[in-house]
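First comes the structure, then the notes that go with it.
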Amino acid sequence: GTVIQVSARDRHTAAQALATASANVADARSVIQDVTHSERAAEIPEEEAAEVVLQQWTQSVELLAIRQPSRPSNMLLTDDSQLQTSLQALPGNPECLPREVSVLTLRGPASANMLQPGQELLPGRPRHSSILQSVTALSTSERHVVTLACAGFSMKLTASHAIMIQQGGSGPFKPLLASEVQTGDSLRTQSSEHKVISIEHDIVDIEVLEIRLRDTKGSFFAGMPGSSPQDFVEICGALAPLNASSVEILHFQRHQRLKEIMEQSEELAACRAQLEEIGYDVDLCVVGLGPGKMLVRPSFASQAIRALTNLCWSREEKLKASDIVVSQEFKAIVLEQVRLHAPRINTLVACEPLDLDPEICCRRTFLDFASSSSSSPTVNSSDALLGKENHRKRRWN
């Protein structure tokens, strides 16, 4: 084979380099200490690692799907590039405001972190008060925030906070999640309406305040530091009901720690408190429906219980510990809390819509069917029992 000649000088240089490297290794070994762990190191097989990646992708798609904004069918978009949306498959958070915001009280602007329960804010929505029920400071953590910019000012809030919005620049103002606001939508201040011209998303470590009103349908005005009170934007408090809300059963793959997460998470404390105020419990074992959990807005609680009772009876089985019943307002928060606090990846296997029967109450001789529509029919109780035609025959006879 080929013979390579190496000079004495080269051999000396190589020997010096080898000696230096050996000395460095020896120095490194002298500072290395053996550490004994009480638990075995985590080991993830390749198949399980691939499953984790798939589950994370699935959860991102799920978050994207539940935040899909709705638009009137007659709305025409001439240029898709001009429509910027705040819709993102990012973590859901409780409906909160940055701690540094100010709000309008009856006496003028005040720092949000100085508010006290019982204090009255300047109301926005007619016929709904804005008296504070509670103000809760949530610890600093990574949160998804949305900044809505208008001409001359902007407003920052968490993605799950409800803000009064006129979609597409026409129609009534309604509560809408900040994550569903789009450019071209309008928000309003005390005296005027302003179109959203740009939307910015960020994930930041931030301390926030959860402001809850006694009347959850009420609204108030808030603004960023340095903003004029005339530019304070009308927003809702925590637990504000959304117009197009629904109830679903979330079927998770595992039940580990779900009970603790649902019953102890500070992000879900306001929901638990509201249910307790009207006599309901998060734990469905209390009503004999199994170890599932329920986190819905109070107006849905009785309907959800009845619907779940009928569902369990028809299937001849109760809810499992891995089942969580949620309304739209809390779905993203529940998914994010499970993602953050479950001991391992817990896949959302299915989302099952729950059909809610209308509320039925009897007043004098009439049955009232509660509905979101103002044109709901009222049925005479005799007609309901005998049938309309039979009742007419009895009258004529």
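The values are calculated or read from the model by the stated rules, or taken from the named source; none is laboratory data. All values reported here derive from a predicted model rather than from experimental measurement. Methodologically, a virtual Cβ is constructed for each residue, glycine included, from the backbone with ideal geometry; neighbour enumeration extends over all protein chains shown. Side chains are part of the model used for accessible areas, which takes the heavy atoms of the whole protein and leaves out ligands, DNA and RNA. Shrake-Rupley method; radii C 1.70, N 1.55, O 1.52, S 1.80 Å.
A few points about this structure:
- Any hit, the stretch 248-264, residues being of a type in the set (S, T, N, Q), in contact (Cβ under 8 Å) with a residue 60 or more places away in the chain, under 30 Å from Cys150 (Cα atoms) and open to solvent by 10 Å² or more (accessible area, probe 1.4 Å): no
- Annotation: Leu90 fulfils all but one of (1) farther than 17 Å from Ile211 by Cβ; (2) among the aliphatic types (A, V, I, L, M); (3) at pLDDT 90 or above; (4) open to solvent by 40 Å² or more (accessible area, probe 1.4 Å); the unmet one is (3).
- Being under 19 Å from the mean Cα position of the chain (by Cα) and polar (S, T, N, Q) holds for only one residue in Ser246, Ser192, Ser186, and it is Ser246.
- Single condition Arg212 does not satisfy, out of (1) open to solvent by 30 Å² or more (accessible area, probe 1.4 Å); (2) touching a strand residue (DSSP E or B) at 6+ places or on another chain (Cβ under 8 Å): (1)
- Verdict on Phe220 being crowded, with 16+ Cβ neighbours inside 10 Å and over 16 Å from Cys96 (Cβ atoms): no
- Flag for Leu250 being more than 11 Å from Phe153 (Cβ to Cβ) and in a loop (DSSP other than H, G, I, E, B): no
- Number of positions in the stretch 174-195 that are in contact (Cβ under 8 Å) with a residue 40 or more places away in the chain and either among the charged types (D, E, K, R) or not in a strand (DSSP E or B) (or both): 11
- Checking every residue in the stretch 273-283 against the condition of being of a type in the set (S, T, N, Q), under 23 Å from His161 (Cβ atoms) and at pLDDT below 95 gives at least one match.
- Selection within the stretch 160-203 - open to solvent by less than 40 Å² (accessible area, probe 1.4 Å), of a type in the set (Val, Ile, Thr) and more than 22 Å from Gln328 (Cα to Cα): Thr183, Thr189, Val196, Ile199
- Scanning the stretch 319-340 for residues that are surrounded by fewer than 18 Cβ atoms within 10 Å (Cβ to Cβ) and at pLDDT 90 or above gives Lys320, Ala321.
- Positions within the stretch 271-294 being in a loop (DSSP other than H, G, I, E, B), of a type outside the set (Ser, Thr, Tyr) and surrounded by 18 or more Cβ atoms within 10 Å (Cβ to Cβ), in sequence order: Val282, Leu289, Gly292
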